[in-house]
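The values are calculated or read from the model by the stated rules, or taken from the named source; none is laboratory data. Model, not experiment: these values are computed from the prediction. Heads up, the Cβs are rebuilt from the backbone with ideal geometry, glycines too, and the neighbour counts pull from every protein chain shown. Surface areas here come from the heavy atoms of the whole protein model, side chains and all, with no ligands, DNA or RNA. Shrake-Rupley method; radii C 1.70, N 1.55, O 1.52, S 1.80 Å.
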Amino acid sequence: MSTTTAPVISAWTAISPFGPDRACFAEGVRSRRVATAPPDPDRWSWVPEAMAGTVPGFEPREYLGNKGTRAMNRVSGLTVVAAKNLLADLEVPPGAARDDIGFVLGTTTGSAQSMMNLTRASLTGDKPDHVEPAAVPGCVMNCAAGQAAIWHGLKGPNATIAAGRTTGLQALDYSRRLLRAGRAARVLCGAAEEYSPARSWVEHHRRGGPAARAMGEGCAMFLVEPADQVPAGRTVLATLAGSDSRVCLDGYLPGAITAAVRSMLTRAGVGAHRVWAATGGDFLDTNGNAVESAVLRELFGDEVVDRVPDSGLIGDTSSATALFQLAAVLSVAEGAGRGDRDHAVVTAVDDDGSVACALFELGGSR
């Protein structure tokens, strides 16, 4: 059954360089603690950068057990564990209760490390097998989303979204469409990136040298459901009140960001004076200018932009950046007095010229 009810976020979790759960992430954001550090040389040898944001001591088998994790890559492990934590928080039992739960995951490529390992094995492995067959599924971009559905018995629609740094917001919009079309009663929507030598070197060569920010990893995940289907006892944390996306064609990114945000606010009927927090991925252009932050400051003022720390605390999480920033907004908003300012804006900008933004009414619709 289709619905026109606004989608709301009523639960979330995060596994990040701050730690393995939501509480660790919220504490790290509120204290504005920097979670990047020199990579462990015993675990991360042969990487080009001096600093990285990695989930402390993370190995899939430590959280999921040995069965079924031997060939599980890191991004799948992060995703499966995040989904496990969120379902546990919701107390959703296995079985029929999970038949109508959809799963939408954003990522850049899946696991770059798995792809590189398979390519190397195909060139150096002994004939006739060349590669380990169990390694092949890990090279598919939607492996992590599929693994999460299999592990947790989620039988609703399963989708993987890849749209650069705008991925997280595009995944939220895709989740909204699934709910509106009645294809799922609830959706677990997240985005995940792994830290690995392969991803580090790909980014190093793509940028032509060291990145301006340390690489980061993790998975942020949210429960998205129709507002009129939230059960008693579960609090609405935010309502998705609007969104916009576009591509900058003239090379002037500030103009594209400004147009997207203003258009979104106009359609939602929300004035800039009602925005309590505005945050983005702190995108830098080729000259090192913080164009995204500059636009948000011009639109909303320094106090609104500075209310939530930027993504640099945990490093550059690529496609997961926007959803980590949404998690940061919810972390800071929890228990905070907001007065008449009851909305938050999250933006995302990619160096290919794509721009996306989303508007959230904090605490749900009034």
task: Given the conditions (1) assigned to a strand (DSSP E or B); (2) of a type outside the set (Phe, Trp, Tyr); (3) more than 17 Å from the chain's Cα centre (by Cα), report the number of the one that LEU188 does not fulfil.
output: (3)
message: Is it the case, given these coordinates, that ARG74 is touching a residue at least 12 places away in the same chain (Cβ under 8 Å), surrounded by 17 or more Cβ atoms within 10 Å (Cβ to Cβ) and among the basic types (Lys, Arg)?
response: yes
- prompt: Pick from VAL308, VAL295, VAL346, VAL270: which is in contact with a helix residue (DSSP H, G or I) (Cβ under 6 Å, 6 or more places away or on another chain), in a loop (DSSP other than H, G, I, E, B) and at pLDDT 95 or above?
  reply: VAL308
- prompt: Can VAL55 be described as touching a residue at least 24 places away in the same chain (Cβ under 8 Å), crowded, with 18+ Cβ neighbours inside 10 Å, more than 21 Å from ALA11 (Cα to Cα) and not acidic (Asp, Glu)?
  reply: yes
- line: When every residue in the stretch 12-41 that is polar (S, T, N, Q) and within 24 Å of ALA238 (Cα to Cα) is compared, the one most open to solvent (accessible area, probe 1.4 Å) is SER31
message: Being more than 16 Å from GLY110 (Cα to Cα) and not small (Gly, Ala, Ser) is the filter here; which residues of the stretch 133-158 pass it?
response: PRO133, ILE150, TRP151, HIS152, LEU154, LYS155, PRO157
field: Those residues of the stretch 126-184 which are among the basic types (Lys, Arg) and in contact with a Phe, Trp or Tyr (Cβ under 8 Å, 6 or more places away or on another chain), in sequence order
entry: ARG165
message: For the list (1) more than 20 Å from ALA256 (Cβ to Cβ); (2) touching a Leu at 6+ places or on another chain (Cβ under 7 Å), I need the number of the one condition that ALA348 fails.
response: (1)
- prompt: Out of curiosity, is LEU253 hydrophobic (A, V, I, L, M, F, W, C), open to solvent by 20 Å² or more (accessible area, probe 1.4 Å) and touching a residue at least 24 places away in the same chain (Cβ under 8 Å)?
  reply: yes
